[in-house]
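K.L.:
Following this message is one structure expressed as structure tokens.
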Amino acid sequence: MHVGVVIVAAGRGDRMGTPVPKQLLTIDGRSLLQHSVAAFDAHPEVAEIVVVLPADRVGDGAVLAGPTGKACAFVAGGARRQDSVRAGAGALSSAVDAVLIHDAARPFADRALIDRVLDGVRQTGASVPAVRSRDTVKRLDPATHLITSTLPRDEIWLAQTPQGFTPTVLAAAFAHADTGVEATDEAMLAELAGHPVRIVLGDERNVKMTTPEDLRQARAATPPRVGTGYDLHRLVDGRPLVLGGVVVDPARGPHGHSDGDVACHALVDAMLGAIGAGDIGRHFSNTDPRWKDAPGLDLLGRAAAIVREQGYAVSSCDVTVILERPKLAPHVDAIRAGIAAVLGVGVDRVSLKGKTNEGVDAVGRGEAVAAHAVAVLVTISGEAGR
Ligand code: MG
């Protein structure tokens, strides 16, 4: 099939209580919208994608949706959900023979789910993924708050998206909307227009992000990201040796463009590496006069800001410094405290270990200082695509 997708991201998400629309909040470094777009972009039958955005965001559509391999258009949403969906469907080409309508606040739709919905469209012309209710469902009288009936649980299914329709059924659903009905999903309009709508198996993981707790749980379920870093600087007389902002030797230190703080430099590389953002040279080039003699802790703070913009923060880090002399032990606590303060984490999250090279090689002969670092990053709240 030549499938067109309408991703609805026009809502304000008031229940989330955040200043940005919820579809722009991030999980694992990508916004809910970007996760949704990527799921459909990767499906082989999807040929066209239309993203419906708040009117003032349409101009940023390509950035907000993230990179796609398929034709992607951006339109402004309407007052009601059904108006937004209609605007989106209107931007699909006439070549489309199935339309999927998806709520951007469901970031975990996957290929198997999309396949089942498309199968339902082939069979019936309209298809909705749904999951069984785990709980007993009661009907109540809103005036008295007393139960009027208990609904038979095997007849209760909880509807998800993407919902799929042939263009003919969708047109009939929209025509029914013209009678003044306000629908919470497109399946409801198709039902009211008299079309059979097939339920296909949804996915328990295809949850809708509605409250801050939904996002917190989704972020907590996201695996951490890990990066490694390494740095080495030659030592020369007449320069101070600074590690994590602490002067360890005032008389013999690194030769270099910056202050040569190998602990910070290795850690910056580990943090950037964890999110695939390149290395310290790309962000703080040693030919750029801005970074001449730049303190390592300053670069570390800038790296923390870079990962934060991508929706991550350092959860813990481990740095090993290899230095023949002087001994690091008297300085370890101060170095850890300085790094922890810049990263905004507890000192217990920052490890620093000193080693010698047993007199072997350049480091062992006292000609250089080196450091290895590992950083673990976790996903935090953020707005992607700003
Ligand atoms: Mg360096």
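K.L.:
Which one of H176, N286, A190 has its Cα pushed farthest toward the positive end of the charge dipole of the chain, where Lys and Arg give +1 and Asp and Glu give -1 at the Cβ?
P.N.:
Positive-end residue among those listed: N286.
K.L.:
Let me ask something else. Over region 19-117, what is the mean sequence separation of C-alpha contacts under 8 Å (at least six apart), divided by residue count, expressed as relative contact order in percent? It would help to have the intermediate numbers written out before the result.
P.N.:
On the way: 119 pairs, mean separation 32.3, N = 99.
It rounds to 33 percent for region 19-117.
K.L.:
Which order do K355, K70 take by accessible area at a 1.4 Å probe, largest first?
P.N.:
Details: K355 115, K70 50 Å².
Ranked list, largest accessible area first: K355, K70.
K.L.:
Mean residue ellipticity at 222 nm from the helices of the chain, using -39,500 (n - 2.57) per DSSP H segment of n ≥ 4 over the full residue count, to the nearest 500 deg cm²/dmol?
P.N.:
Working: 12 runs with 112 residues, N = 386.
Theoretical 222 nm ellipticity from helices: -8500 deg cm²/dmol.
K.L.:
Based on alpha-carbon atoms only, what is the radius of gyration of region 208-305 relative to the globular estimate 2.2 N^0.38 Å?
P.N.:
Working: Rg = 17.4 Å, N = 98, 2.2 N^0.38 = 12.6 Å.
Normalised Cα radius of gyration, region 208-305: 1.39.
K.L.:
Rank these by accessible area, largest first, 1.4 Å probe: T161, T356.
P.N.:
Working: T161 10, T356 65 Å².
The ordering from most to least exposed comes out as T356, T161.
K.L.:
Restricting to bridges with both residues inside region 1-75, how much of the DSSP beta-bridge set is antiparallel, in percent to the nearest 5? Intermediate values should be presented prior to the final figure.
P.N.:
On the way: 2 of 13 bridges.
Percent antiparallel among DSSP bridges in region 1-75 is about 15.
K.L.:
Pull out a ≥ b ≥ c, the square roots of the eigenvalues of the alpha-carbon gyration tensor of region 1-52, then state rounded if a/c is under 1.5, prolate if not and a/b is larger than b/c, and oblate in the remaining case.
P.N.:
On the way: a/c = 4.30, a/b = 1.96, b/c = 2.19.
Note, shape of region 1-52 comes out oblate.
K.L.:
Considering only protein heavy atoms and a 1.4 Å probe, what is the carbon-and-sulfur percentage of the accessible area of the chain?
P.N.:
So the carbon and sulfur contribution to the accessible surface is 53 percent.
K.L.:
Within straight cross-link reach of K22, meaning Cα distance under 26 Å, which lysines are found once same-chain residues fewer than 8 apart are removed?
P.N.:
Reachable lysines: K70, K208.
K.L.:
Please report the spacing between the Cα centers of region 61-101 and region 210-262 in Å, no decimals.
P.N.:
Rounded to whole Å, the Cα centres lie 43 Å apart.
K.L.:
Determine the order of D185, D135, D279, D110 by accessible area, beginning with the largest, at a probe radius of 1.4 Å.
P.N.:
D135, D279, D110, D185
K.L.:
Packing-wise, with mean Cβ within 10 Å as the measure, how do 172-180, 246-254 rank, highest first? Walk me through the intermediate numbers first.
P.N.:
Working: 172-180: 16.1, 246-254: 17.8.
By packing density, highest mean first, the sequence is 246-254, 172-180.
K.L.:
Among rounded, prolate and oblate, which fits region 225-379 when a ≥ b ≥ c are the square roots of the eigenvalues of its C-alpha gyration tensor, a/c under 1.5 means rounded, and a/b larger than b/c means prolate? Could you put the intermediate results ahead of the total?
P.N.:
Numbers: a/c = 1.78, a/b = 1.41, b/c = 1.27.
In terms of gyration-tensor shape, prolate.
K.L.:
Another one. Could you check the spin-label model distance between T184 and V226? Points 7 Å from the Cα along Cα→Cβ, value in nm.
P.N.:
Here the modelled spin labels are 4.4 nm apart.
K.L.:
For the chain, state what percent of all Cα-Cα pairs lands in each successive 20 Å bin, counting from 0 Å until the bin that includes the largest distance.
P.N.:
25, 39, 25, 11, 0
K.L.:
Can you tell which of V207, V181, V307 shows the greatest fluctuation in a Gaussian network model of the chain with Cα springs below 10 Å?
P.N.:
In the Gaussian network model the winner is V181.
K.L.:
Quick one: 3J(HN,Hα) in Hz for region 200-215, Karplus 6.51/-1.76/1.60 with θ = phi - 60°, rounded, Gly and Pro as x.
P.N.:
Per-residue couplings from phi come out as 10, 5, x, 9, 4, 7, 7, 7, 9, 7, 10, 10, x, 5, 4, 5 Hz.
K.L.:
Hey, got a sec? Which GluC sites (Glu not before Pro) in region 285-384 land in a DSSP loop and have at most 10 other Cβ atoms within 10 Å?
P.N.:
Numbers: sites: E309, E324, E358, E367, E383; in loops: E324, E358, E367.
Passing both the DSSP loop test and the Cβ count: E358.
K.L.:
Excluding residues on the same chain fewer than 8 positions from K327, give the lysines whose Cα lies under 25 Å from its Cα.
P.N.:
K353, K355
K.L.:
Provide the FRET efficiency to the nearest 0.05 for the D361-S285 pair, computing r from the beta carbons and using R0 = 22 Å. Walk me through the numbers before you get to the answer.
P.N.:
Values: r = 28 Å, r/R0 = 1.28.
Given R0 = 22 Å and the Cβ-Cβ separation, E is 0.20.
The values are calculated or read from the model by the stated rules, or taken from the named source; none is laboratory data. In this text, all values refer to a predicted model and were calculated from it rather than measured experimentally. Every residue, glycine as well, gets a Cβ built from its backbone with ideal geometry; the counts of neighbours run over all protein chains shown. In case anyone asks, the SASA skips ligands and DNA or RNA and just uses the protein heavy atoms, side chains included. Shrake-Rupley method; radii C 1.70, N 1.55, O 1.52, S 1.80 Å.
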